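Novice: One structure coming up, written as structure tokens, with questions to follow.
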């Protein structure tokens with residue numbers, strides 16, 4: 001029954017209010033079966049609220065949603081039988097071993113004792129937790145706990161998986177492990193809804209992205225489309241000598257007719273351009289001036305820049321210079 | 001795009017089995033027992049605490065309270081009372097544990113599974129019944145080692161242990177309710193101590209109620225603790241049983257009638 005043009009998750013006009021705070025202000029979503037939707041947004045944008053509604057943990061105040069064709073309110077039981085949910089904060093039982101956590105869920109799902117044990121062994125193996133399997137989960141590292149959480153959500157072989165900020169707080173190695181797992185699940189046909197604050201993560205994993213801001217969808221599309229929506233390309237020049245930064249900026253300004261932004265920390269001069277025609281001019285002028293460069297590139301804007309262009313503020317206010325650089329000039 | 005439904009996943013949980021919730025509740029009760037085994041220090045409130053209280057009151061205050069007879073003559077009075085205090089204190093752990101499960105997102109996991117909605121709640125209470133039983137057995141065993149005997153017959157003694165367990169299972173609904181409506185586990189614990197200390201010390205557990213000042217005596221006349229203690233003393237040592245037993249049973253029914261619906265309503269609201 002799973003064909004590629006089928007809709008796995010469909011939400012129309014989801015609204016959720018907490019007192020006077022509006023967590024979701026009419027959200028529409030559609031995720032085709034077997035694809036990954038990245039829900040991108042800063043803290044408090046409503047990502048978790050949306051996941052909780054689609055995961056049957058919360059009722060919407062208005063609007064409706066179907067998951068696998070089942071209504072999340074009226075047919076919550078059926079929805080639960082096809083989903084797996086991995087929360088923002090790993091919801092494993094810290095006072096039990098990893099193995100017992102998995103066995104417990106297997107038993108709750110109606111597996112016999114041997115079946116539940118076999119499933120637990122299989123998942124411990126798959127998530128490289130065999131050695132730690134009998135240790136109490138409290139002693140696990142952040143990455144191990146996240147892997148156990150992911151394993152817990154897979155005990156029931158869900159066809160739709162929600163990952164709510166699965167890599168927040170993980171080191172790069174652990175993060176890559178989670179990414180690899182997600183990619184493999186998608187290869188097996190699992191539909192994934194992933195929320196993240198990391199633009200890089202949405203870019204790396206998602207087939208399509210929706211951008212949440214203040215409870216509403218402010219943009220959606222493929223990663224490349226979103227980047228194109230932010231408009232212009234960007235010309236970056238990085239001089240070999242930091243001392244040349246000002247002269248490079250002057251040359252770029254003359255060649256393109258636009259005042260570039262100068263990032264002193266990263267020794268980078270960037271300027272938005274409508275096409276690549278000014279690039280040869282910049283190259284010739286730099287050559288004439290005898291300035292060596294380590295980088296000269298024409299690129300689509302980063303998702304950070306897209307986010308800024310779409311919402312008018314940065315994804316994470318204290319985040320990278322890359323975002324600030326775009327905002328400052 | 002088609003709107004056909006997805007096949008249920010390939011696990012048996014989807015099929016609605018008539019008594020699935022029983023097995024699910026038992027699995028979740030098993031979870032609570034496993035947690036005790038893997039985390040024995042969490043059991044301190046039902047293991048060391050009663051033993052320490054027994055030793056403290058028997059050997060430190062016993063001589064003074066019992067007068068000429070010394071601690072040995074205090075034991076038959078103290079042990080049934082301490083049994084009540086221990087079990088009443090153990091009930092608050094149920095609320096603290098539930099609150100903790102909610103705070104840590106464990107309940108979100110349960111709720112995202114295709115299981116009966118009440119199973120986690122029933123599992124928590126059943127699991128704690130094991131904890132209460134353990135505390136009863138530990139305290140009674142310590143008492144026996146020190147020379148306590150069921151003077152009113154072994155059958156009545158065990159009936160006393162059963163009644164105190166049932167009382168705990170009635171009273172725990174207060175803490176289940178508070179555990180569900182309060183924000184933090186510390187908050188639950190704070191309220192619990194605020195209620196438990198006056199309730200258990202302002203009673204006939206340690207001293208005869210007749211030695212208390214008038215206002216406390218008035219309180220002991222309405223406190224269920226007094227009647228439960230009298231019931232236990234009657235069953236384990238002898239004495240008038242009917243009145244305290246009936247009042248205790250009425251309290252048990254009342255506690256369940258008031259707090260179980262409150263707890264279930266709070267649970268539904270949070271789930």
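Novice: In square nanometres, what is one fourth of the surface area of the convex hull spanned by the alpha carbons of region A:135-200?
Specialist: 4.8
Novice: Another one. Between 0 and 90 degrees, rounded to the nearest ten: what's the tilt of helix A:113-126 against the longest Cα principal axis of chain A?
Specialist: Helix A:113-126 sits at roughly 20 degrees to that axis.
Novice: Same structure, new question: Relative to the compact-globule scaling 2.2 N^0.38 Å, provide the ratio for the alpha-carbon radius of gyration of the protein assembly as shown.
Specialist: Taking the Cα Rg and dividing by 2.2 N^0.38 Å, one obtains 1.28.
Novice: I'd like to compare A:96-103, A:183-190: which one has the highest average count of other Cβ atoms within 10 Å, and what's the full order after that?
Specialist: The packing order, highest mean first, is A:96-103, A:183-190.
Novice: Would you mind giving the mean number of other chain beta-carbons within 10 Å of the Cβ of each residue in A:149-157, as a whole number?
Specialist: That average works out to 3.
Novice: Counting other beta carbons within 10 Å of each residue's own, what order do A:16, B:243 fall into, fewest first?
Specialist: Final ranking by Cβ density, sparse to dense: B:243, A:16.
Novice: For region A:7-227, what is the per residue volume of the convex hull drawn over the alpha-carbon atoms, in cubic angstrom?
Specialist: Convex hull of Cα atoms, per residue: 117 Å³.
Novice: Right, next: Evaluate E = 1/(1 + (r/R0)^6) for residue B:186 and residue B:149, where r is the Cβ-Cβ distance and R0 equals 60 Å; express this FRET efficiency to the nearest 0.05.
Specialist: E between residue B:186 and residue B:149, to the nearest 0.05, is 0.90.
Novice: Relative to the longest principal Cα axis of chain B, at what angle does helix B:20-38 sit, 0 to 90 degrees, rounded to 10?
Specialist: So the helix axis and the longest Cα principal axis differ by about 60 degrees.
Novice: Give the average over all directions of the projected area of the C-alpha convex hull of region A:213-272, one decimal, in nm².
Specialist: Mean projected area of the Cα convex hull: 5.7 nm².
Novice: When chain B is modelled as a GNM with alpha-carbon springs shorter than 10 Å, which of B:65, B:52, B:205 fluctuates the most?
Specialist: B:52
Novice: Okay, moving on. For a footprinting-style exposure proxy, rank A:246, B:41 by other Cβ within 10 Å, fewest first.
Specialist: Final ranking by Cβ density, sparse to dense: B:41, A:246.
Novice: Once you've got the GNM for chain A with C-alpha springs shorter than 10 Å, pick whichever of A:277, A:62, A:208 has the biggest mean-square fluctuation.
Specialist: Of A:277, A:62, A:208, the Gaussian network model singles out A:277 as fluctuating most.
Novice: Highest mean first, what order results for B:193-200, B:92-99 on Cβ atoms within 10 Å?
Specialist: B:92-99, B:193-200
Novice: Can you pull the mean other chain C-beta count within 10 Å for peptide B:116-123?
Specialist: Taking the mean over all residues of the peptide, I get 1.
Novice: On each of the three principal axes of the Cα atoms of region B:21-270, give max minus min coordinate, whole Å, ordered largest first.
Specialist: 63, 37, 32 Å, listed from the longest principal axis down.
Novice: I'd like the antiparallel share, as a percent to the nearest 5, of DSSP beta bridges with both residues in the protein assembly as shown.
Specialist: Here the antiparallel bridges make up roughly 65 percent for the protein assembly as shown.
Novice: Based on DSSP, what percent of beta bridges with both residues in chain A are antiparallel, to the nearest 5?
Specialist: Percentage antiparallel, nearest 5: 65.
Novice: Using r as the Cβ-Cβ distance of residue A:218 and residue B:242, and R0 as 51 Å, what FRET efficiency do you calculate, to the nearest 0.05?
Specialist: 0.10
Novice: Right, another one. For A:82, A:136, what's the fewest-to-most ordering of other Cβ within 10 Å of each Cβ?
Specialist: Least crowded to most crowded, the residues run A:136, A:82.
Novice: Next question, about the same structure. Taking chain A as the reference, fit the longest principal axis to its C-alpha atoms, fit the long axis of helix A:142-154 to the helix C-alpha atoms, and give the angle between the two in degrees, 0 to 90, nearest 10.
Specialist: Relative to chain A, helix A:142-154 is tipped by roughly 50 degrees.
Novice: Also: How many partner chain Cβ atoms sit within 10 Å of a residue's Cβ in peptide B:23-30, on average, as a whole number?
Specialist: The shielding value for this peptide is 3.
Novice: Return an integer: the convex hull volume of the alpha-carbon atoms of region B:9-158, in Å³ per residue.
Specialist: Taking the convex hull of the Cα positions in region B:9-158, it is 130 Å³ per residue.
Novice: Over chain B, with a Gaussian network built from C-alpha contacts below 10 Å, which listed residue (B:234, B:66, B:90) shows the highest mean-square fluctuation?
Specialist: B:66
Novice: Still on this structure: Distances over 18 Å make up what percent of all Cα-Cα pairs in region A:105-176?
Specialist: Value for region A:105-176: 42 percent of Cα pairs lie more than 18 Å apart.
Novice: Continuing with the same structure: Can you give me the relative contact order of region B:21-270 as a percent, contacts being Cα pairs under 8 Å and 6 or more apart?
Specialist: Across region B:21-270, relative contact order equals 27 percent.
Just so you know, all these numbers are worked out from the coordinates, no wet-lab data involved. In this text, all values refer to a predicted model and were calculated from it rather than measured experimentally. Neighbour counts run over all protein chains shown; Cβ positions are idealised from the backbone, glycine included.
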